[in-house]
Amino acid sequence: MQEERREGRPEQNPEEAVQAHEASSEQPGERDQELEALRQELAILQDQLLRRAADFENYKKRVERERQQLINLANERLLLALLPVLDDLERSLEAASQSRDFDSFYEGVRLVYRKFLDVLRSEGVEPFESVGQPFDYEQHEAFLEEPSAEVPPGTVLRELSRGYRIRDRILRHARVVVARAPDTDRTESSDAA
């Protein structure tokens with residue numbers, strides 16, 4: 001709006017101004033000078049527009065490059081945190097190959113498991129409990145239904161794979177077996193036999 005009005009005229013885009021001046025009845029010399037000034041202004045504005053568009057494209061590319069670098073850095077940090085767990089697992093396997101002491105092997109694997117969970121927790125990943133909970137499609141993936149008289153239908157009987165959250169989102173749904181009402185026809189027919 002800096003040049004909203006020129007000589008009392010409403011704002012026009014440069015091309016309309018050129019056309020208006022060509023049609024005006026001013027002196028040919030003055031009209032040509034003003035027309036040339038408008039053409040120069042138009043060229044300047046077009047150049048500025050092209051520069052701003054190029055700057056914006058460069059900005060988008062830079063932001064995408066920085067975003068990818070952050071993802072790579074986060075992945076690298078996580079992988080570096082997992083390498084000691086892998087080292088411990090390798091040591092456990094090597095020790096198990098030299099000794100057949102199952103209790104020591106079990107304890108070593110249990111320690112590696114706890115260390116792995118600690119790394120996941122440090123990244124905001126936590127397992128969640130499913131057994132005994134009502135089936136929730138937002139947290140669970142039902143693989144099987146089994147008849148059960150011990151729990152209400154729709155209750156998770158057992159986990160096939162544990163579910164995990166990362167902060168407040170589900171990272172992986174728990175794969176579960178869900179209770180259904182017992183089949184009364186089968187129960188009655190097997191009781192009659």
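The values are calculated or read from the model by the stated rules, or taken from the named source; none is laboratory data. Since this is a predicted model, take the numbers as computed values, not measurements. Cβ sites come from the backbone with ideal geometry, for glycine too, and all protein chains shown count toward neighbours.
Test Pro14 against the criterion of being touching a helix residue (DSSP H, G or I) at 6+ places or on another chain (Cβ under 6 Å) and at pLDDT below 70, and give yes or no.
On the way: touching a helix residue (DSSP H, G or I) at 6+ places or on another chain (Cβ under 6 Å): yes; at pLDDT below 70: yes.
Judged against the criteria, Pro14 is a match.
Mind listing whichever residues of region 136-159 are assigned to a loop (DSSP other than H, G, I, E, B) and of a type outside the set (D, E, K, R)?
Tyr137, Gln139, Ser148, Ala149, Val151, Pro152, Pro153, Gly154
In region 77-116, which residue that is small (Gly, Ala, Ser) and surrounded by 12 or more Cβ atoms within 10 Å (Cβ to Cβ) is nearest to Tyr164 (Cα to Cα)?
In this case the residue turns out to be Ala81.
Can you name the residue in region 138-157 that is closer than 18 Å to Asp183 by Cα and of a type in the set (D, E, K, R) and is also surrounded by the fewest Cβ atoms within 10 Å (Cβ to Cβ) among such residues?
Filtering first and then ranking leaves Glu150.
From Ser104, Ser122, which residue is under 28 Å from Asp168 (Cα atoms), hydroxyl-bearing (Ser, Thr, Tyr) and either touching a Leu at 6+ places or on another chain (Cβ under 6 Å) or not assigned by TED's automatic domain parsing to the domain that holds Ala174 (or both)?
On the way: Ser104 fails: under 28 Å from Asp168 (Cα atoms).
Just a single option satisfies the conditions, and that option is Ser122.
Limited to region 108-131, what total is found for residues that are part of a helix (DSSP H, G or I) and touching a helix residue (DSSP H, G or I) at 6+ places or on another chain (Cβ under 8 Å)? Spell out how you get there, then give the answer.
Taking region 108-131 first, the residues part of a helix (DSSP H, G or I) are 108-122.
Then keep just the ones that are touching a helix residue (DSSP H, G or I) at 6+ places or on another chain (Cβ under 8 Å); that gives 108-109, 111-112, 115-116, 119, 122.
So the count comes out to 8.
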